[in-house]
Amino acid sequence: MTHRRQSADLTIEVPGLARVEGEGGLRVEVRGGEVVSVALNIFEPPRFFEGFLRSRSFEEVPDVTARICGICPVAYQMSACAAIEDAFGVTVDGRVAALRRLLYCGEWVQSHALHVYLLHAPDFLGCADAVELAQLDRAAVQRGLELKRVGNLLMEAVGGRSVHPVNVRVGGFYRAPRPEDLRALLEPLRRALDASLATAEWVAGFDYPDVEGEYLFVALRPDGAYPIDSGPVASSDGLETTPGGFAELVVEEHVEHSTALHARLAGRGAYLTGPLARYALNSASLPEIARQASAAAGLGPVCTNPFRSIAVRAVELVFACDEAIRLIERYEPPDPPAAEVRPVAGVGHGATEAPRGLLLHRYAFDAEGLVREARIVPPTSQNQLSIEDDLRRVVVASIGAGDGELTARCEQAVRNHDPCISCAAHFLDVEVERS
Amino acid sequence: MSARVVVAGIGSEYRSDDGAGPFVARRVAELVGEAVDIGPLGEPLDLLGRWDGAELAILVDATCSGAAPGSVAVHDLDALVVPRAVVGSGRDDLAAAVAGSGSGASAVRTEASTHGIGLAAALAIARVAGRAPRRVVVVGIEGREFGFGVDMSPDVVAALPGAVRSVLEIAGLEIAGLEIAGLEIAGPGIGP
């Protein structure tokens, strides 16, 4: 630990956050009772992949980018496919689109279950980690694991397997699942829906710090549907544009303290993607059962308390289970399972809603369909500036707290937004050094 | 019905020697006689929900414990006390589980694995929730280079056949059917 505190002076340093796909650090400096700097540095694996993809065929892109994140491979596949199809002028069948949305529901369920139960809930229940939570409330953790398992089942049924699905291709799928195989998932999904409703009630009982953030929310906002796999990009200050238009607005900058790029919106500044943004811009499009869960969780139409993001995730769990059931009940196998894809030279953009937020891909291809240029903007890099703003607020509000409590608050402030590194649940090994 | 066995490779194929685990697990799948391409598990947490109820889970993972690169170590976690752990300390994993043996360590911190949330934590959660495999065996392959890249170090490449043999031996002594990353492989079994 390396807090250095001289009366109102304080430095919080977090040297390294070990994880294959997320390495970073945190430094908060306070002088004379004022927070003078907050620097969150989250290493971004997409930079390697952008280079790795150059000169590779478009057909490899969905599978290669799926390896960027072990938790949300579908998001990377879907944004990649959308961008490639945009570049080549391919329109997919409505049944292919519905099947993609179904696959994506599986990823939302498993990822949100993981975050809500194993990574975030321990913060609210006085537990050091998920192991302690499992000892305190075994039934809750079992419920979370069962939700995750059902999400995995859905990914396997549509994607061919739940880790890096192999059935996804540009234009659609290699094969369409048999209707009977999907119908077999209805019963587990109905139980998962009940478990999601129980999740929303469970988190409603948590004690939330009274903190409100000031966010510029950015999310997809399709007409009349909650966003997952498609839609125009919208913001809480009135922006509405295509993924390509959005790509023009996203400015990624090198900052001194970080090897990663930090994103801001041109002319606007820091912004936030993810559950809070999706919910704020689309809560009116939630189905009735999710709106009821939202009310049960104590949420209004917009939530700006970052600590309550766990409640929004619970509502999205309800939505994803309900949506999966709806899609399976209406399922007709796409035939053929994929649109014909002929490469042409050009540029394409794709944006979908990863569990953690908007995931933007942009590719330029030559006439043979080889990648000339790749740009991948993950939710974590888009959210970094807003997370730093949250940290600033938390440190100011908790400046008089003891080292342990302040550390915990900082950890939680980061974890509220579920950045990729939060897989290391209590990763901020903040140390305090007083002089 | 044969005992359920899970073989999983943990790691990223795009982080140099970290790809050893997925490589070995995939090779095992090929040798068992089924064209099953397994998905690499990026995180030990991915095991939750996939190894539930297994009689035996064989996990192949790259390590960075300080041993000579390319050395292969087999750890039977059933015989060890897994420390209560450290879900959060960021670097717990295989060696934390090993180092914690008999010590009752509560905050063992090592850099044995490349994964932020460790096997020790995943196993502890699964055990408390009643979903853990009866036996967990880790085949660790000591790596040298974990930066971005798709090529493994020569020492690690040289160790891969031995690691594959270790997995087959461990599985062959135990089972007649083999499951790779959640996919049942019907077959005559492997090993004796």
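Derivation of every value follows stated rules applied to the coordinates shown; laboratory data play no part. Please read these numbers as outputs of a predicted model, since none were measured by experiment. FYI the Cβ positions are ideal-geometry reconstructions off the backbone, even for glycines, and counts take in every protein chain you see.
Think of region B:125-176 as a dipole: +1 on every Lys or Arg Cβ, -1 on every Asp or Glu Cβ, centred on the Cα centre; then among B:VAL139, B:VAL156, B:ALA171, B:ALA171 lies furthest on the positive end. Can you figure out the FRET efficiency of A:THR91 with A:VAL347, using R₀ = 25 Å and their beta-carbon distance, to the nearest 0.05? Efficiency, rounded to the nearest 0.05: 0.90. Taken residue by residue and averaged, Cβ atoms of other chains lying within 10 Å of the Cβ of A:129-140 number 5. Counting only other chain Cβ atoms within 10 Å of each residue's Cβ, the peptide B:151-162 averages 0. Exposure proxy shown here: for A:TYR363, A:TYR331, the number of other Cβ atoms within 10 Å sets the order, fewest to most, as A:TYR331, A:TYR363. Here the contact order of chain A, divided by its residue count and restricted to Cα pairs under 8 Å and six or more residues apart, works out to 26 percent.
Could you grab the relative contact order for region A:190-275? Cα pairs under 8 Å, six or more apart, rounded to a whole percent.
Here the relative contact order equals 22 percent.
Based on the Stokes-Einstein relation at 10 °C and a viscosity of 1.306 mPa s, and on the Kirkwood radius from alpha carbon pairs, region A:42-157 is assigned a translational diffusion coefficient of 98 µm²/s.
Using 0.36 nm per residue, how much length does the chain from A:ALA367 to A:THR241 gain when fully extended, once their Cα-Cα distance is taken away? So the chain would gain 42.6 nm between A:ALA367 and A:THR241.
Normalised by the number of residues in region A:249-358, the average gap of Cα pairs under 8 Å and 6 or more apart makes the relative contact order 26 percent. Under 5 Å between amide hydrogens, built in the peptide plane, is the criterion, and for B:ARG135 it picks out B:LEU56, B:ALA57 among residues at least 5 positions away or on other chains. Applied to region A:167-173, the Karplus parametrisation 6.51 cos²θ - 1.76 cosθ + 1.60 on θ = phi - 60° returns per-residue 3J(HN,Hα) values of 8, 8, 9, 4, x, x, 10 Hz, with x for Gly and Pro. The Cβ shell under 11 Å around A:LEU370 holds other residues with a net charge of -2, Lys and Arg each +1, Asp and Glu each -1. I want to make sure I understand the PRE zone here: with the label point 7 angstrom from the Cα of A:VAL302 toward its beta carbon, which residues in region A:218-243 have backbone N atoms less than 13 Å away? The answer is A:218, A:235-239.
Shielding of peptide B:129-135 by partners, expressed as the average count of other chain Cβ atoms within 10 Å per residue Cβ, is 3. Projecting the Cα atoms of A:LEU193, A:ALA130, A:GLY231 onto the charge dipole of chain A, computed from C-beta unit charges around the Cα centre, puts A:LEU193 farthest toward the positive end. The Cα trace of chain A gives Rg and Dmax of 21.2, 71 Å, the first to one decimal, the second as a whole number. Amide H to amide H distances under 5 Å link A:LEU360 with A:VAL377, where only residues 5 or more positions off or on other chains count and H is placed in the peptide plane. As a rough guide to protection, the peptides A:353-362, A:337-346, A:148-157, A:214-223 ranked by mean Cβ packing within 10 Å, highest first, stand as A:353-362, A:148-157, A:214-223, A:337-346. Sorting A:177-186, A:225-234 by average packing, meaning the other beta carbons within 10 Å per residue, from highest down gives A:225-234, A:177-186. Largest first, the three principal axis extents of the alpha carbons in region A:294-429 are 62, 41, 26 Å in whole numbers. Taking the Cα centre of chain A as reference, the dipole from Cβ charges on Lys and Arg (+1) and Asp and Glu (-1) amounts to some 540 debye.
For the peptides A:375-383, A:390-398, the ranking by mean Cβ contacts within 10 Å, running from highest to lowest, is A:375-383, A:390-398.
Each 10 Å bin from zero up to the one holding the largest Cα-Cα distance in region A:221-378 carries the following percent of pairs: 9, 31, 32, 21, 6, 0.
Based on DSSP H segments of at least four residues, each scored -39500 (n - 2.57), chain A has a per-residue ellipticity at 222 nm of -13000 deg cm²/dmol.
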